[in-house]
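Here the structure is laid out as structure tokens; the discussion comes afterwards.
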């Protein structure tokens with residue numbers, strides 16, 4: 001391995017959560033990032049390329065992990081990358097205000113055969129706590145370069161990369177102080193090293209394998225069992241005798257870290273009351289904390305209505321409508337179906353995609369801001385007691401809450417949930433949150449259906465959705481996930497001023513990812529729905545209407561024996577607010593007409609009207625949501641499950657509500 | 001497993017068999033308690049972690065090793081709690097807190 005001969009160098013960026021690693025990555029790479037998934041994994045992978053001192057640098061952002069055991073998918077990805085891809089250098093970012101705990105990851109990285117350097121980040125946050133770290137003293141103790149940083153202010157990053165290049169070009173100069181293990185375990189480690197010597201296939205470093213065997217690492221144990229069966233019995237015997245060694249090893253690492261930092265760190269003797277202490281007294285309080293949370297979310301929604309919706313209207317008035325009119329004029333010579341396909345299929349679909357963008361941008365901005373400041377884990381903490389009985393913990397609350405705006409960011413927002421099972425459950429529950437699209441339909445129809453009781457009915461519908469969400473959550477948790485509880489252990493980082501650049505990049509990446517993946521599919525679906533609904537320019541003779549008619553017997557159980565109403569429901573698949581537009585077409589009046597809601601109300605009995613709204617609130621997720629469900633779970637199985645689940649729930653609830661209401665009234 | 005006797009410890013309405021069993025085990029040692037019983041403001045030392053390897057190794061990586069000093073920041077006697085360990089605030093569910101045996105200092 002001669003790095004000088006190589007064209008570009010690969011630098012892996014490692015770090016525990018909440019050390020500002022993504023800020024470092026964003027500052028170094030800007031928008032020239034490639035965001036994807038780790039091969040075959042649901043974990044996001046980010047890489048970026050840039051030129052430093054005339055050398056091309058490929059920077060790979062490893063998932064944020066506390067250690068390098070095989071406890072989680074993230075940890076496995078991080079260590080597999082280091083072992084199998086062999087980066088030239090690893091930069092480990094540590095948070096100066098929690099130095100000792102952050103160096104734990106370093107103590108694990110040092111036993112791997114790749115040079116490591118330390119980016120000592122958040123030195124400004126540490127100073128506010130009265131903590132001062134002498135970088136050069138730490139460097140002398142560790143025998144590995146330490147570069148002080150304030151990533152949010154772009155300080156020290158150039159020095160960090162220069163240091164990384166020097167290390168990559170001269171790996172022989174790297175001779176760090178490696179963590180030792182307790183004297184009573186040393187003979188066993190030596191015995192394990194002897195046993196596996198020469199029997200482990202590359203690229204696994206033998207010393208590291210011996211270490212991991214002593215730690216009882218399941219993956220490495222399986223590897224040795226498979227690759228070195230002849231020594232397996234002896235190895236197995238040794239590990240069984242020292243089953244608890246991993247706790248001693250972890251303790252030993254912290255003792256080693258304590259020795260490394262002793263001379264380098266200067267901290268206040270008595271605990272200072274920090275801003276974080278003061279804020280947390282309110283923000284994490286079971287009562288005041290909930291009030292703060294409600295306030296913050298009210299603000300997020302106010303922003304959505306105040307900023308996003310006018311932008312949506314503006315885009316519609318000055319972009320989509322002129323485009324549609326222009327296209328109509330331009331294609332006047334062609335058969336009607338051409339302009340139909342273009343205007344009602346393609347441009348209408350593009351309009352749907354566009355309406356999502358401002359809302360998504362605001363929601364992702366809020367998510368990014370709340371995460372960057374350190375508030376999000378507090379929100380999870382406050383809501384944990386309420387989420388617990390669904391087998392979820394607090395981290396699921398925020399994504400679900402986003403669902404009130406739009407289910408798409410709710411599903412995408414589940415990335416903040418660490419545990420895969422909890423994440424899938426949250427994704428399955430997200431479509432039960434009534435989004436603005438559905439609430440708009442209810443707001444339009446309920447007054448005509450129920451007069452003065454409309455507000456009460458709307459409130460009842462929303463409550464009903466949430467009750468069904470809770471019951472579904474409990475049932476899925478008990479039946480499919482067998483009641484397995486996810487441990488709630490979450491770091492509450494110190495509050496800090498966010499980096500606007502990071503938030504901007506976060507908004508851009510997520511919104512663009514949606515446009516790229518869901519956008520094309522929505523366009524295709526939109527054209528397909530158009531083809532099904534009005535090939536001859538007449539909805540009432542279309543395949544969609546035929547389908548609606550064919551479904552009338554099912555609808556009858558819910559009191560919906562009018563094919564037009566069923567067809568409107570089916571069309572909500574493209575976007576929830578489509579229901580009104582289709583009703584308008586089918587009832588032969590514009591969607592803006594005040595008479596439309598009344599006209600629909602006339603054809604339905606009160607019981608049927610109620611069941612229509614119930615089904616509408618619970619119906620299958622819209623196309624955009626389905627696309628992101630598939631994208632985030634990476635399995636068709638969960639999308640199919642979600643579809644069937646929502647279909648059963650909505651039809652079941654519709655039938656139940658209709659039959660019961662009919663009995664009562 | 002099925003200890004049917006009522007808990008002898010103060011103020012615990014919910015009878016958690018597991019909790020009782022651990023507490024019984026503990027009452028023999030002096031000054032040893034489970035983390036969920038520690039009121040806010042008190043400092044303790046981690047003495048033992050119960051539970052599976054996944055849990056214990058995760059806790060160890062976060063800094064909850066034998067002998068580590070922990071300060072309880074928030075504990076309302078129900079719901080999750082907040083502690084600081086090695087300069088880090090950590091929120092813990094009660095289900096996790098009862099798996100940490102501590103010594104009051």
(request) Pull up the stretch A:384-399, narrow it to residues that are touching a residue at least 60 places away in the same chain (Cβ under 8 Å), buried (at least 24 other Cβ atoms within 10 Å of the Cβ) and assigned to a helix (DSSP H, G or I), then point me to the one that is farthest from the other protein chains (Cβ to nearest Cβ). (result) A:395
(message) If a residue must be surrounded by 14 or more Cβ atoms within 10 Å (Cβ to Cβ) and more than 25 Å from the chain's Cα centre (by Cα), how many such residues does the stretch A:43-62 contain?
(response) 4
(message) Between B:66, B:59, which is surrounded by fewer than 20 Cβ atoms within 10 Å (Cβ to Cβ) and within 9 Å of chain A (Cβ to nearest Cβ)?
(response) B:66
(message) Being surrounded by 15 or more Cβ atoms within 10 Å (Cβ to Cβ), part of a loop (DSSP other than H, G, I, E, B) and within 14 Å of chain B (Cβ to nearest Cβ) is the requirement here; does residue A:181 meet it?
(response) yes
(request) Return the pairs, sorted by first residue and then second, in which the second residue is assigned to a helix (DSSP H, G or I) and at pLDDT 90 or above, the first residue lies in the stretch A:556-575 and is within 18 Å of residue A:437 (Cα to Cα), the beta carbons are less than 8 Å apart, and the residues are 6+ apart or on different chains. (result) A:565/A:612; A:569/A:612; A:569/A:615; A:569/A:616; A:572/A:616
(request) Test each condition in (1) within 13 Å of another protein chain (Cβ to nearest Cβ); (2) part of a helix (DSSP H, G or I); (3) surrounded by fewer than 22 Cβ atoms within 10 Å (Cβ to Cβ) for residue A:491 and report the one that comes out false. (result) (2)
(message) For the stretch B:28-56: of the residues being assigned to a helix (DSSP H, G or I) and either away from chain A (no Cβ under 13 Å) or out of contact with any strand residue (DSSP E or B) (no Cβ under 8 Å at 6 or more places or on another chain) (or both), which is nearest to residue A:282 (Cα to Cα)?
(response) B:37
(request) Consider residue A:77 carefully, then state whether it is in contact with a helix residue (DSSP H, G or I) (Cβ under 7 Å, 6 or more places away or on another chain), more than 29 Å from residue A:258 (Cβ to Cβ) and either without any contact (Cβ under 8 Å) to a residue 24 or more places away in the chain or buried (at least 17 other Cβ atoms within 10 Å of the Cβ) (or both). (result) no
(request) Tell me which of these residue A:497 doesn't satisfy, since it passes every other one: (1) assigned to a loop (DSSP other than H, G, I, E, B); (2) modelled with pLDDT of 80 or more; (3) crowded, with 19+ Cβ neighbours inside 10 Å. (result) (3)
(request) With the checklist (1) out of contact with any helix residue (DSSP H, G or I) (no Cβ under 8 Å at 6 or more places or on another chain); (2) more than 10 Å from chain A (Cβ to nearest Cβ) in hand, flag the one item residue B:84 doesn't pass. (result) (2)
(message) Being at pLDDT 85 or above, assigned to a helix (DSSP H, G or I), over 26 Å from the mean Cα position of the chain (by Cα) and within 14 Å of residue A:431 (Cα to Cα): is that true of residue A:660 here?
(response) no
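For (1) surrounded by 20 or more Cβ atoms within 10 Å (Cβ to Cβ); (2) away from chain B (no Cβ under 14 Å); (3) farther than 30 Å from residue A:596 by Cβ; (4) out of contact with any strand residue (DSSP E or B) (no Cβ under 7 Å at 6 or more places or on another chain), each residue gets a yes or a no:
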position	(1), (2), (3), (4)
A:403	yes, yes, no, yes
A:409	yes, yes, yes, yes
A:412	yes, yes, yes, yes
A:470	no, yes, yes, yes
A:474	no, yes, yes, yes
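A quick yes/no check of all residues on (1) away from chain B (no Cβ under 14 Å); (2) outside any helix (DSSP H, G or I); (3) within 30 Å of residue B:91 (Cα to Cα):
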residue	(1), (2), (3)
A:431	yes, no, yes
A:451	yes, no, no
A:485	no, yes, yes
A:511	yes, no, no
A:519	yes, no, no
A:526	yes, no, no
(request) For residue A:481, state whether it is away from every other protein chain (no Cβ under 14 Å), surrounded by fewer than 18 Cβ atoms within 10 Å (Cβ to Cβ) and part of a loop (DSSP other than H, G, I, E, B). (result) yes
(request) Taking the residues in the stretch A:240-265 that are more than 12 Å from chain B (Cβ to nearest Cβ) and in a helix (DSSP H, G or I) as candidates, determine which candidate is farthest from the chain's Cα centre (by Cα). (result) A:241
(message) Between A:332, A:378, A:385, which is touching a strand residue (DSSP E or B) at 6+ places or on another chain (Cβ under 8 Å), farther than 27 Å from residue A:512 by Cβ and in the same structural domain as residue A:303 (by TED's automatic domain parsing)?
(response) A:378
(request) Within the stretch A:92-122, work out how many residues are touching a helix residue (DSSP H, G or I) at 6+ places or on another chain (Cβ under 7 Å) and farther than 21 Å from residue A:265 by Cα. (result) 4
(message) residue A:574 - would you say it is more than 28 Å from residue A:284 (Cβ to Cβ) and buried (at least 22 other Cβ atoms within 10 Å of the Cβ)?
(response) yes
(request) Quick one: residue A:286 ticks every box in (1) part of a helix (DSSP H, G or I); (2) touching a residue at least 24 places away in the same chain (Cβ under 8 Å); (3) at the interface with chain B (Cβ under 10 Å from one of its Cβ atoms) except a single one, so which number is it? (result) (1)
(request) State which residue is nearest to residue A:495 (Cα to Cα) when the search covers only the stretch B:69-81 and only residues that are in contact with a helix residue (DSSP H, G or I) (Cβ under 7 Å, 6 or more places away or on another chain) and at the interface with chain A (Cβ under 7 Å from one of its Cβ atoms). (result) B:80
(message) Checking residue A:301 against (1) touching a residue at least 12 places away in the same chain (Cβ under 8 Å); (2) over 26 Å from the mean Cα position of the chain (by Cα): exactly one of these is not met. Which one?
(response) (2)
(message) Among the residues of the stretch A:519-527, are any under 24 Å from the mean Cα position of the chain (by Cα) and surrounded by fewer than 20 Cβ atoms within 10 Å (Cβ to Cβ)?
(response) yes
(message) Considering only the stretch A:299-316, I want to know if a residue exists there that is outside any helix (DSSP H, G or I) and loosely packed, with under 15 Cβ neighbours inside 10 Å.
(response) no
(request) Tally the residues that are within 14 Å of chain B (Cβ to nearest Cβ) and surrounded by 22 or more Cβ atoms within 10 Å (Cβ to Cβ), restricting the search to the stretch A:121-148. (result) 3
(message) Taking the condition of being part of a loop (DSSP other than H, G, I, E, B) and more than 7 Å from chain A (Cβ to nearest Cβ), how many residues in the stretch B:87-105 meet it?
(response) 3
(request) Could you check how many residues of the stretch A:267-283 are more than 10 Å from chain B (Cβ to nearest Cβ) and at pLDDT 90 or above? (result) 3
(request) Of all residues in the stretch A:53-108, count the ones that are more than 14 Å from every other protein chain (Cβ to nearest Cβ) and not in a loop (DSSP other than H, G, I, E, B). (result) 19
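The values are calculated or read from the model by the stated rules, or taken from the named source; none is laboratory data. Remember, predicted model here, so these are calculated numbers, not experimental data. Counting neighbours? That spans all protein chains shown, and the Cβs are built from the backbone with ideal geometry, glycine included.
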